[in-house]
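A.B. asks: Got a structure for you, written out below as structure tokens; questions coming shortly.
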């Protein structure tokens, strides 16, 4: 199969835009149900991005039910009868009220996910949180790679609940909220907002590690309300 994906515009959030383009290939039938997607290496070269960005796009498609991944084999378009119907186009979220509504839904889901993660997480989950934090605090923290690591952090928290539906819905929403991260970075002094965001994530990680669900919920709540404030969103909580 040869798919000419072209170059993605650099001023867009790359994983979301790549996911949207691959999704069109699937929904319009150019990638057939059950067909294997091109390799990460091929996609990264085709889009002109890193493999970590491609992995983030594939994770988004998996959350949407358009793709399934098989360990050591690759990613495949799901069969029609198994596809889930959750899909929100990125362009829809340029409408402020729609974006606010989605962000509002994020609040209770992620707060409860943090609490459950504090109770149910395994050592492997903490290791993954630490890995994401390392990426968020490293030399790439000013770039799109820092945003990718931020999204991975939230997906790991959701997975650590032990409830696959949290992983599904929180992962789906977090991908869409990537717009928020970009918008917040654009609206503030980058150094300040990145450091504040990192500190909030460290607090969430430490609260989860302490196995205190109350502290974990409060840490996640402070982060989400802080993120909303940085976007000038007024949310009920």
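A.B. asks: Among what's in segment 141-151 and is in contact with a helix residue (DSSP H, G or I) (Cβ under 6 Å, 6 or more places away or on another chain) and over 13 Å from residue 176 (Cα atoms), pick the residue that is modelled with the lowest pLDDT.
C.D. replies: Within segment 141-151, the match that is modelled with the lowest pLDDT is 141.
A.B. asks: Considering segment 159-172 alone, what residues qualify as being surrounded by 19 or more Cβ atoms within 10 Å (Cβ to Cβ) and either modelled with pLDDT under 95 or assigned by TED's automatic domain parsing to the domain that holds residue 57 (or both)? Quick ask: steps written out before the conclusion?
C.D. replies: So the first thing to find is which residues in segment 159-172 are surrounded by 19 or more Cβ atoms within 10 Å (Cβ to Cβ), and the list is 159-161, 166-167, 169-172.
Within segment 159-172, 159, 166, 167, 169, 170, 171, 172 qualify.
A.B. asks: State whether one or more residues within segment 45-58 are surrounded by 15 or more Cβ atoms within 10 Å (Cβ to Cβ), modelled with pLDDT of 85 or more and more than 18 Å from the chain's Cα centre (by Cα).
C.D. replies: yes
A.B. asks: Pick out the one residue from 104, 21 that is at pLDDT 85 or above, surrounded by fewer than 18 Cβ atoms within 10 Å (Cβ to Cβ), part of a helix (DSSP H, G or I) and not assigned by TED's automatic domain parsing to the domain that holds residue 150.
C.D. replies: Numbers: 104 fails: not assigned by TED's automatic domain parsing to the domain that holds residue 150.
Testing whether each residue is at pLDDT 85 or above, surrounded by fewer than 18 Cβ atoms within 10 Å (Cβ to Cβ), part of a helix (DSSP H, G or I) and not assigned by TED's automatic domain parsing to the domain that holds residue 150 leaves just 21.
A.B. asks: Report, by residue number, each residue of segment 215-230 that is more than 18 Å from the chain's Cα centre (by Cα), touching a residue at least 12 places away in the same chain (Cβ under 8 Å) and buried (at least 17 other Cβ atoms within 10 Å of the Cβ).
C.D. replies: 215, 216, 217, 219, 230
A.B. asks: Restricting segment 184-214 to residues that are crowded, with 19+ Cβ neighbours inside 10 Å and more than 17 Å from residue 102 (Cβ to Cβ), which is modelled with the lowest pLDDT?
C.D. replies: So the first thing to find is which residues in segment 184-214 are crowded, with 19+ Cβ neighbours inside 10 Å, and the list is 184, 194, 197, 201, 204-205, 207-208.
With the extra rule that they be more than 17 Å from residue 102 (Cβ to Cβ), the set shrinks to 194, 197, 201, 204-205, 207-208.
Values: 194: 80, 197: 89, 201: 96, 204: 98, 205: 98, 207: 98, 208: 98.
Checked segment 184-214; the qualifying residue modelled with the lowest pLDDT is 194.
The values are calculated or read from the model by the stated rules, or taken from the named source; none is laboratory data. Small disclaimer: the values here were computed from a predicted structure and weren't measured. Cβ atoms come from the backbone with ideal geometry, glycine included; neighbour counts cover every protein chain shown.
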